[in-house]
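So the structure is just underneath, and the comments pick up after that.
The values are calculated or read from the model by the stated rules, or taken from the named source; none is laboratory data. This structure is a prediction, so every number in the text was calculated from the model and none was measured. FYI the Cβ positions are ideal-geometry reconstructions off the backbone, even for glycines, and counts take in every protein chain you see. Note: areas computed on protein heavy atoms with side chains; ligands, DNA, RNA excluded. Shrake-Rupley method; radii C 1.70, N 1.55, O 1.52, S 1.80 Å.
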Amino acid sequence: QLVESGGGLVQAGGSLRLSCAASGRTFSSYAMGWFRQAPGKEREFVAAIAWTGSITYYADSVKGRFTISRDNAKNTVYLQMNSLKPEDTAVYYCAANGWGTRMREIPKYDYWGQGTQVTVSS
């Protein structure tokens, strides 16, 4: 089970830190990703991190503003979001990818959290 937290309402230019805590099984050997879905839009890739933590990927829209990290000892993944924009408003989901490959692709993710709402006001 994956449980996201840390969402909320923030003004443009502000920051939030999302957390994704795993329970019931260990995801230390899984690649982990963050995705988001805005109203009326399809779910999209935001960021991903390999199980070692040494490889990360970002969507162009968040590169330089968001940072993904993980603490395998705590079975937790984080998404630090800075310089937030109104277009970042969405439900953010974390997910686990047991394949460890093609980390931008939704079908490669086996486990999903319920999501946390992020709203950025202008």
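In the context of the full set of protein chains, the chain has a per residue accessible area of 51 Å² (1.4 Å probe). Taking a quarter of the surface of the Cα convex hull of the chain gives a mean projected area of 6.7 nm². Loop-located trypsin sites (Lys or Arg not before Pro) in segment 3-102 (DSSP state not H, G, I, E or B) with no more than 12 neighbouring Cβ atoms inside 10 Å: Arg25, Lys41, Lys63, Lys74.
Per-residue 3J(HN,Hα) values for segment 96-103, derived from phi via the Karplus relation 6.51 cos²θ - 1.76 cosθ + 1.60 with θ = phi - 60°, read 10, 10, x, 7, x, 10, 6, 6 Hz in sequence order (x marks Gly and Pro). The modelled label-to-label distance for the pair Thr119/Arg104, using points 7 Å beyond Cα in the direction of Cβ, is 3.2 nm.
May I ask you to list the residues of segment 1-41 whose amide nitrogen lies under 17 Å from a point 7 Å from Cα along the Cα→beta-carbon direction of Ala73? Residues 22, 27-29 fall inside that zone. Charged side chains reduced to their Cβ positions (Lys and Arg at +1, Asp and Glu at -1) give the chain a dipole of some 140 debye around its Cα centre. Calculate the FRET efficiency for Ser54 and Ser15 from the Cβ-Cβ distance with a Förster distance of 25 Å, rounded to the nearest 0.05. Once the sixth-power term is evaluated, E becomes 0.55.
Ligands, DNA and RNA left out, the 1.4 Å accessible surface of the chain is 49% carbon and sulfur atoms.
Computed with a 1.4 Å probe over protein heavy atoms only, the accessible area of Phe35 comes to about 0 Å².
Solvent-accessible area of Thr101, all protein chains in place: 70 Å² (probe radius 1.4 Å, heavy atoms, ligands and nucleic acids excluded).
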